[in-house]
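A.B. asks: Let me begin by handing over the structure; questions about it come next.
The values are calculated or read from the model by the stated rules, or taken from the named source; none is laboratory data. As the structure is a prediction and not an experimental result, all values here were calculated from the model. FYI the Cβ positions are ideal-geometry reconstructions off the backbone, even for glycines, and counts take in every protein chain you see. Protein only, heavy atoms only, side chains kept; ligands, DNA and RNA dropped before computing areas. Shrake-Rupley method; radii C 1.70, N 1.55, O 1.52, S 1.80 Å.
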Amino acid sequence: MTPPLHLLNGDQLAYQLQGASYFQTHLVFREALIVGPVGGTTLVEFWKLRTEFITSSYGVTAEEYNQKTISEIERLHSLPEDAEICLWFEDDLFCQINLWFLLSMLVEKPRLRIYRVFPPDAPTEKRWRGFAKASPEELELGYMEKVLFAPTDLELGQKLWSAYRQGDELGLLELSKSQSICFRKLEEVCHAQVDRLKIDPLQRRPEKAILKILEDGITDFDKVFALFSDREGIYGYGDLQVKVLFDYLVRIKQHLT
């Protein structure tokens with residue numbers, strides 16, 4: 001029997017899973033679809049837009065992006081029709097958007113057996129921690145308790161991706177009320193997405209959170225990032241995403257003073 005393909009949300013998780021008896025074949029999704037353009041009527045157009053954004057924003061070459069990201073995901077096109085895939089994605093908005101995109105790709109192969117592997121539960125104040133601090137035992141338990149995506153769940157993922165890429169706030173909020181064991185905390189993350197779409201950047205939830213930290217007199221970026229991650233872990237932003245907002249808001253404050 002062909003071993004399941006483990007589709008991971010990052011290289012760190014691949015490192016954590018090394019040596020596990022159930023972990024054999026995997027690929028890593030190295031994207032951040034929470035930022036940048038997500039348009040295009042075809043995947044070719046979509047990847048072209050992403051390549052232009054990533055190369056201009058993060059200083060990597062098109063060749064590097066193609067090798068580390070596009071080529072990795074395109075392996076999905078050559079999967080056997082009845083393959084088993086385990087999607088290791090967290091509950092925060094960053095991971096959920098990536099998950100929605102992948103489901104929109106995988107739904108085209110109806111014979112696939114697609115499972116969601118959840119991160120371990122954590123105390124309320126650390127509930128967006130995800131897999132980062134998970135022990136080998138917790139990771140194995142998550143795998144053993146994986147949940148199968150039913151056709152209705154896959155359809156929901158596809159609709160969420162469509163609403164996200166169209167900036168359809170009302171559509172997202174309506175979909176957020178859907179009941180699915182494959183999407184926990186869905187209503188919270190959809191509201192978090194809508195809260196970062198305000199026309200005025202200074203009224204967007206992430207920017208307001210960073211402004212509050214700056215107004216408290218904290219200007220060291222490492223400290224700002226740590227506080228933002230504690231307070232707004234629902235977004236799942238990495239340091240690159242927060243740094244862009246931080247630099248923008250520092251410039252704004254300097255201009256206003």
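A.B. asks: Relative contact order of the chain, please, whole-number percent, based on alpha carbon pairs below 8 angstrom and at least 6 residues apart.
C.D. replies: Values: 310 pairs, mean separation 42.6, N = 257.
That works out to 17 percent.
A.B. asks: Right, something else. As a test, work out the antiparallel percent of DSSP beta bridges whose residues both lie in the chain, rounded to the nearest 5.
C.D. replies: In the chain, approximately 15 percent of DSSP beta bridges are antiparallel ones.
A.B. asks: Under a crude label model (7 Å from the Cα following the beta-carbon direction), how far is LEU240 from PHE221 in nanometres?
C.D. replies: Between LEU240 and PHE221, the label points sit 1.3 nm apart.
A.B. asks: In the neighborhood of SER162, defined by Cβ-to-Cβ distances under 11 Å, what is the net charge if each Lys or Arg adds +1 and each Asp or Glu adds -1?
C.D. replies: 0
A.B. asks: A further question follows. Working with all protein chains in place, sort THR51, THR61 by solvent-accessible area computed with a 1.4 Å probe, largest first. Show your work: numbers first, answer last.
C.D. replies: Values: THR51 30, THR61 60 Å².
Output order, biggest surface exposure first: THR61, THR51.
A.B. asks: Which of VAL28, VAL107, VAL244 moves the most in a Gaussian network model of the chain with Cα springs under 10 Å?
C.D. replies: Maximum among the listed residues: VAL244.
A.B. asks: Got a sec? Charge dipole of the chain, +1 on Cβ for Lys and Arg, -1 for Asp and Glu; which of GLY19, THR51, ALA209 is way out at the positive end?
C.D. replies: The Cα lying farthest towards the positive end belongs to ALA209.
A.B. asks: I would also like to ask the following. In deg cm²/dmol and to the nearest 500, what is the mean residue ellipticity at 222 nm of the chain if only DSSP H runs of at least 4 residues count, each as -39500 (n - 2.57), divided by the residue total? Kindly include the intermediate steps, with their values, before the conclusion.
C.D. replies: Numbers: 12 runs with 125 residues, N = 257.
-14500 deg cm²/dmol, from helical runs alone.
A.B. asks: Same structure again: Roughly to the nearest percent, how much of the accessible area of the stretch 16-140 is carbon and sulfur, given a 1.4 Å probe? Can you show the working numbers first?
C.D. replies: Details: 3000 of 5930 Å².
So the carbon and sulfur contribution to the accessible surface is 51 percent.
A.B. asks: OK, next. Straight-line reach from LYS159: which lysines fall under 19 Å, measuring Cα to Cα and dropping same-chain residues less than 8 apart?
C.D. replies: Within reach: LYS109, LYS177, LYS185.
A.B. asks: Shifting gears a bit: Could you identify which residue out of PHE221, PHE183, PHE89 has the top mean-square fluctuation in a GNM of the chain using Cα springs shorter than 10 Å?
C.D. replies: PHE221
A.B. asks: Right, next: Show me, bin by bin at 5 Å from 0, the whole-percent P(r) of the stretch 22-65 based on Cα pairs.
C.D. replies: Computed distribution, short to long bins: 5, 20, 26, 23, 11, 7, 7, 2.
A.B. asks: Taking the alpha-carbon distance from LYS253 and a cut-off under 16 Å, which lysines remain once sequence neighbours fewer than 8 residues away in the same chain are dropped?
C.D. replies: Straight-distance partners of LYS253: LYS208, LYS212, LYS243.
A.B. asks: Placing +1 at every Lys and Arg Cβ and -1 at every Asp and Glu Cβ, with all other atoms neutral, what dipole size does the chain have around its Cα centre, in debye to the nearest 20? Each step should come with its number before you reach the end.
C.D. replies: Details: 30 positive and 39 negative charges, 68 e Å.
In debye, rounded to 20, the chain gives about 320.
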